[in-house]
Amino acid sequence: MSEGVPHITVALPNGEKRSVPYGIPAHDVLQGNAKAVAVKVNGKILDLSRPLTTDCELELVAPDSPDGLEVLRHSTAHLMAQAVKRLFPDVQITIGPVIENGFYYDFKHDQAFTPEDLERIETEMKKIVSENLTVTREETLRDDAVQLFRDMGEHYKAEIIASIPANEAISLYRQGEFVDLCRGPHVPATGKIVAFKLTSVA
């Protein structure tokens, strides 16, 4: 252990306990586990990039587990929103939650999306997957987040954020040029999303 560098004790999935530097990202501790889409830290599902700041037990979240499926669906909703913004820059985004059999995203658009639009969006989503964009989490003050989305022309999203209490931390997720308000967690990169199908427009 390096003198002056604080360490924490981490229990790994195989039962091994390891002393690691304070603040090390979870994925650096779980080297060699490339299939995981997230991690449980003392039972709480977090991003693989989340810094570890206390003694903890780590569990892998596999993509074929119920928790992993929810992370993938949540991340795929962001993937779809990014594709929509690339193809239809004037669209405004609102919310995009996971539901029992998939996910959806609400958009403000001057006209309804067509089946042909869905095909274009799916194609763009596949392109973004192939770009394997890193997904990063950041925290900001509420008022700064409101201003960010206003500057982006995302007025509905700014209104949603403005309704959050001022003392709450706001977490944003970025992948390439796309950024959205979100609690997460998300996959570490868009390349982790390997299967999806857009089925309907409401």
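The values are calculated or read from the model by the stated rules, or taken from the named source; none is laboratory data. Just so we're clear, the structure is a prediction, and the values are computed from it rather than from any experiment. Please note: Cβ atoms are built from the backbone with ideal geometry, for glycine as well, and neighbour counts cover all protein chains shown. What goes into the accessible areas is simple: the full protein's heavy atoms, side chains included, and nothing from ligands, DNA or RNA. Shrake-Rupley method; radii C 1.70, N 1.55, O 1.52, S 1.80 Å.
Which of the residues belonging to the stretch 165-188 are surrounded by fewer than 19 Cβ atoms within 10 Å (Cβ to Cβ) and more than 9 Å from the chain's Cα centre (by Cα)? Across the stretch 165-188, the qualifying residues are 165, 166, 167, 168, 169, 171, 176, 177.
For the stretch 178-202: of the residues being of a type in the set (D, E, K, R) and in a loop (DSSP other than H, G, I, E, B), which is farthest from residue 101 (Cα to Cα)?
As a first pass, look at the stretch 178-202 and keep what is of a type in the set (D, E, K, R): 180, 183, 192, 197.
This time we only want the ones that are in a loop (DSSP other than H, G, I, E, B), so: 183, 197.
Working: 183: 20, 197: 12 Å.
My answer is 183.
Just one of the listed residues (58, 72) is over 29 Å from residue 95 (Cα atoms), in contact with a helix residue (DSSP H, G or I) (Cβ under 8 Å, 6 or more places away or on another chain) and open to solvent by less than 60 Å² (accessible area, probe 1.4 Å), namely 58.
With respect to the conditions (1) polar (S, T, N, Q); (2) surrounded by fewer than 18 Cβ atoms within 10 Å (Cβ to Cβ); (3) under 19 Å from the mean Cα position of the chain (by Cα), residue 53 lacks only one, and its number is (3). Checked against the criterion of being of a type in the set (A, V, I, L, M) and modelled with pLDDT of 95 or more, the candidates 12, 46 yield just one match: 46. Among the residues making up the stretch 51-83, those that are free of Cβ contacts under 8 Å to residues at least 40 places away in the same chain, within 20 Å of residue 104 (Cα to Cα) and not charged (D, E, K, R) are 66, 68, 69, 77.
I need a count of the residues in the stretch 60-117 that are farther than 26 Å from residue 27 by Cα, in contact with a Phe, Trp or Tyr (Cβ under 9 Å, 6 or more places away or on another chain) and of a type in the set (D, E, K, R). Count: 5.
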